[in-house]
Every structure is written in C-alpha cells, then in structure tokens.
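K.L.:
Once you've had a glance at the structure underneath, I'll fire off some questions.
The values are calculated or read from the model by the stated rules, or taken from the named source; none is laboratory data. Fair warning: this is a prediction, and the values are worked out from it, not measured in the lab. Here Cβ is always computed from backbone atoms with ideal geometry, including for glycine, and neighbour counts include all displayed protein chains. For accessibility, only protein heavy atoms count, side chains too; no ligands or nucleic acids. Shrake-Rupley method; radii C 1.70, N 1.55, O 1.52, S 1.80 Å.
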Amino acid sequence: MTITQKILTISICIAGTMLTRFLPFFVFSSKKPTPQYIQYLGKALPCAIFGMLVVYCLKNVTILEGTHSIPEAIAIIAVILVHILKRQMLLSIAVGTICYMILVQCVFI
C-alpha cells in the first residue's frame, strides 16, 4: 500500500467508527421516546450475542480427543455460577475466559 492508500484506509475506518457511534444520537433525539422496536433490540441482543459467543467458542470442541473437553466444561460451569451469583455478563465472560486459559495453559498441558 502506498502512503496515500494507508491514509485513506485509516480515514475511512475512523469515519465509519464515528458514524456508527454518533448516528444513534442524531437519529433518536432525547425529545422523542425511543421506538419500541429499538427498545426490544436493546433487551434481546445482549442475550443473542452471548448465545452466539457460546456457539462460536464450542464449535471445534471434540469430546473424543485431547483433554476430552474437560477445560471447556469447567469454564462453562464457572461462567454459569458467576452469572447466577452476580448477574453481570461481562464479569461472567471474563471469569470463564480466565478460568479456561489457566486450565489450558497450566493444568491440561
């Protein structure tokens, strides 16, 4: 890539990021109530994204090879327990990720 192409690429990425960040504030003003459909998406999408994350993380897990999915199962149980106790999705994801990485790096070598 030439320097001009690099600058243009970075500029397009910045513009796209700023557009997606600021557009909702322009489209949905604070003077009017937020449409019901958008409120529904705000409630439904976090659960859907969490579900997609689970499917993506477990797509290549095989029970019959390697560690027989034991680290994955332990991490899933940790996620479930933390989520039941704390009800914070990001904390649950972080605990599951850390638990899995410790198991894979230190225990199931």
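K.L.:
Tell me the per residue accessible area of the chain using a 1.4 Å probe; a whole number in Å² is fine. Write down the numbers at each step before the final one.
P.N.:
On the way: 9240 Å² over 109 residues.
Result: 85 Å² of accessible area for each residue.
K.L.:
Under 20 Å between alpha carbons, and skipping anything fewer than 8 positions from Lys86 in its own chain: which lysines qualify?
P.N.:
Excluding near neighbours in sequence, the set is Lys43.
K.L.:
Another question about this same structure. Once you have a ≥ b ≥ c as the square roots of the Cα gyration tensor eigenvalues for region 1-56, tell me rounded if a/c is under 1.5, and otherwise prolate or oblate according to whether a/b is larger than b/c. Walk me through the numbers before you get to the answer.
P.N.:
Values: a/c = 6.44, a/b = 1.46, b/c = 4.41.
Oblate shape, in that a/c is at least 1.5 and b/c is the bigger or equal ratio.
K.L.:
With +1 on each Lys and Arg Cβ and -1 on each Asp and Glu Cβ, how big is the dipole of the chain about its Cα centre, in debye rounded to the nearest 20?
P.N.:
Details: 8 positive and 2 negative charges, 127 e Å.
Here the chain has a charge dipole of around 620 debye.
K.L.:
If you roll a 1.4 angstrom probe over the protein chains with everything in place, what fraction of the accessible area of the chain belongs to carbon and sulfur, to the nearest %?
P.N.:
Ligands and nucleic acids excluded, carbon and sulfur give 74 percent.
K.L.:
Compute the angle between helix 89-102 and the longest alpha-carbon principal axis of the chain, please, reported from 0 to 90 degrees and rounded to the nearest 10.
P.N.:
Rounded to the nearest ten degrees, it is 40.
K.L.:
Based on DSSP H runs of at least 4 residues, each adding -39500 (n - 2.57), what is the mean residue ellipticity at 222 nm of the chain after dividing by all its residues, to the nearest 500 deg cm²/dmol? Don't skip to the answer; put the middle values down first.
P.N.:
Details: 4 runs with 79 residues, N = 109.
Dividing the helical sum by the residues of the chain leaves -25000 deg cm²/dmol.
K.L.:
Continuing with this model, one more query. In what sequence, highest mean first, do 59-65, 99-105, 7-13 appear when ranked by Cβ atoms within 10 angstrom? Don't skip to the end; give the middle numbers.
P.N.:
Numbers: 59-65: 8.6, 99-105: 15.0, 7-13: 10.6.
Order by mean packing, descending: 99-105, 7-13, 59-65.
K.L.:
Report, to the nearest 10°, how far helix 36-58 tilts away from the longest principal axis of the Cα atoms in the chain, using its own Cα long axis and a range of 0 to 90°.
P.N.:
So the helix axis and the longest Cα principal axis differ by about 40 degrees.
K.L.:
Looking at Tyr100, Ser29, Cys47, which one has the Cα that reaches farthest to the positive end of the dipole of the chain (charges on Cβ: Lys, Arg +1; Asp, Glu -1)?
P.N.:
Ser29
K.L.:
Here are some values of percent of Cα pairs over 22 Å apart: (i) 35; (ii) 58; (iii) 43. Which one was computed from this structure?
P.N.:
(ii)
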